[in-house]
Amino acid sequence: MPDAPLPASDFLGLDALLTAEERLIRDTVRDWVRERVLPDIADWFERGEFPRALFPELGALGLLGMHLTGYGCAGTNATSYGLACLELEAGDSGLRSAVSVQGSLAMFPIWRYGSDEQKDEWLPRMAAGAAIGCFGLTEPDAGSNPAEMRTSARRDGSDWILDGTKMWITNGGIADVAVVWARTDDNFRGFVVPRGTAGFTTKDMHRKLSLRASVTSELILENVRLPESAVLPGVSGLRGPLSCLNEARFGIVWGAMGAARACVEASVDYAKTRTQFGRPIGAFQLTQHKLADMVVELSKGTLLALHLGRLKDDGRLRPEQVSLGKLNNVREALAIAREARTILGANGITLEYPVMRHAVNLESVLTYEGTAEIHQLIVGRAITGLNAFD
Ligand SMILES: Cc1cc2nc3c(=O)[nH]c(=O)nc-3n(C[C@H](O)[C@H](O)[C@H](O)COP(=O)(O)OP(=O)(O)OC[C@H]3O[C@@H](n4cnc5c(N)ncnc54)[C@H](O)[C@@H]3O)c2cc1C
């Protein structure tokens, strides 16, 4: 009797490498995405919206700041956080982005570098999804090189005055609080800026062809006066924002494989049922060639994510290794999504199937949190000891 077919979504049986608790978390998120996201995601994407009402649900599931401890955070291990990112991004990269920004880019700096007052004020509400956060680093003229940022923070008595514009800020327009990075006289500092602060406004960015089910905004700071208590006391320099990005990139290493898995599953299903020339298209060697290569990269990328997760849980993960993971997994997920699109033929370009949505989303994921080129430079510098950035 022939062996049972191996599932495309877990060809290597990586499931067996997870603990019972990790599997439970993974299954809970997977079920929630199937029930609450998949039925509507195409409409949200088409309308260009991300329902704010999902935040309290994500909070109730323990997914916001889930690998942080205290303040109502779930305190799971990093691997569980990664598995959740994978399942969320199998739904949509916009959904995973919302959770990454909340947990890794807005809650993490407050949790790691904030004062006790800042932590008490924001973290419990953010963990519950009652307050939404965003992370303002990128500017119109400062993307890959944040050291070129112009947003300034100057002293006025014991207060700070912030001026500048941040761009491409996920969750910006729906955020209750922004973590804004600014240039001081001699350094860079992070500031906790609540919505409603005089001089602080946001403007949503439209006409995006990627990550449509995600709010992307400008943050405009005009003579914004903040008390001394608004500065993150525990960090100065670009080390602050870069450490947050490292947390979020770790989630992307996993998340990208979720988008890839959704594309592989959709194309395997389609290839088995769509017939041309009297046979399922999955029976043609050229189609099997594509599917096999897709499953090879999905399996390798998921194994890589798991390895990095175990390193992180062991306290041994280095930022350069996260860069390698982000570079590989997003690049390969995008290649898988594009190949899946060809298998679905004309149907592949519609929102009736997930592949084109994932493909265009992954274009953003390739660019944000350090472009593919920046991660190549980070890995290249680590190997050679030579800096090729400028
Ligand atoms: C949907 C979306 C959401 C985002 N969310 C956020 C957010 O929440 N918060 C936030 O702060 N930012 C956010 N960003 C911004 C994102 O991080 C930046 O777009 C990214 O860092 C790249 O910057 P840039 O777009 O200015 O490109 P640039 O830095 O101008 O780069 C353009 C091209 O030049 C290449 N390049 C640059 N420097 C070098 C070099 N030294 N060597 C070789 N090639 C180089 C890049 O790799 C890229 O290919 C988001 C972006 C998008 C698209």
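Let me know the shape class of segment 63-149, please: from the alpha-carbon gyration tensor, a ≥ b ≥ c as square roots of the eigenvalues, rounded when a/c is under 1.5, otherwise prolate if a/b is greater than b/c, or oblate. Oblate.
With all pairs of separate Cα atoms included, segment 231-368 yields a Kirkwood hydrodynamic radius of 16.2 Å.
Averaging the Cα positions of each part gives two centres, and for segment 321-373 and segment 23-100 these lie 19 Å apart. Pairs of Lys residues in segment 218-341 that lie 8 or more places apart, or on two chains, and have C-alpha atoms under 22 angstrom apart add up to 5.
From the square roots a ≥ b ≥ c of the eigenvalues of the alpha-carbon gyration tensor of segment 15-63, which class results: rounded (a/c under 1.5), prolate (a/b over b/c), or oblate?
prolate
Here the Gaussian network model covers the chain, with springs between Cα atoms less than 10 Å apart; of N328, N361, N223, N223 fluctuates the most.
Spread over its residues, the convex hull of the C-alpha atoms of segment 90-234 is 111 Å³ per residue.
All C-alpha pair distances within segment 39-82, sorted into 5 Å bins from zero, spread as 6, 21, 19, 17, 15, 13, 8, 1 percent across the bins. Here is the tail figure for segment 105-172: Cα pairs spaced more than 19 Å apart come to 50 percent of all pairs. The distance from the alpha carbon centre of segment 116-192 to that of segment 276-307 is 43 Å, rounded to a whole number. Roughly how tilted is helix 372-384, in degrees to the nearest 10 and between 0 and 90, from the longest Cα axis of the chain? Once rounded, the angle reads 80 degrees. Projecting the alpha carbon convex hull of the chain along each direction and taking the average yields 20.6 nm². Taking every alpha-carbon pair under 8 Å whose residues sit at least 6 apart, the chain reaches a relative contact order of 18 percent.
For the chain, the share of DSSP beta bridges that are antiparallel, to the nearest 5, is 85%. Among T302, T28, T170, the residue with the largest mean-square fluctuation in a Gaussian network model of the chain, with springs joining Cα atoms closer than 10 Å, is T28. The share of Cα pairs per 5 Å bin across segment 1-153, counted from zero up to the longest distance, runs 2, 8, 16, 18, 17, 14, 12, 7, 3, 2, 1, 1, 0, 0, 0 percent. Around the Cα centre of segment 244-390, unit charges on the Cβ atoms of Lys, Arg, Asp and Glu (plus for the first two, minus for the last two) sum to a dipole of about 300 debye. All alpha carbon pair distances within segment 162-290 were sorted into 10 Å bins beginning at 0; the resulting P(r) in whole percents reads 10, 27, 25, 14, 11, 9, 4, 0.
Taking L12, L162, L308 as the candidate residues, the one with maximal mean-square fluctuation in a Gaussian network model of the chain, Cα springs under 10 Å, is L12. Of all aspartates and glutamates in the structure, those lying under 20 Å Cα to Cα from K208, and not within fewer than 8 positions of it along the same chain, are D40, D43, E46, E49, E89, D92, E139, D141, E218, E352, E363, E369.
Between the Cα long axis of helix 319-343 and the first principal axis of the chain there is an angle of about 40°, rounded to the nearest 10.
Against the chain, whose longest principal axis comes from its Cα atoms, helix 285-313 is set at around 40 degrees.
Where a number appears in this text, it was derived from the coordinates with a stated rule and is not lab data. Computed from a predicted model, the values in this text were never measured in an experiment. Quick reminder, even Gly has a Cβ in these numbers, built from the backbone with ideal geometry, and neighbours come from all protein chains shown.
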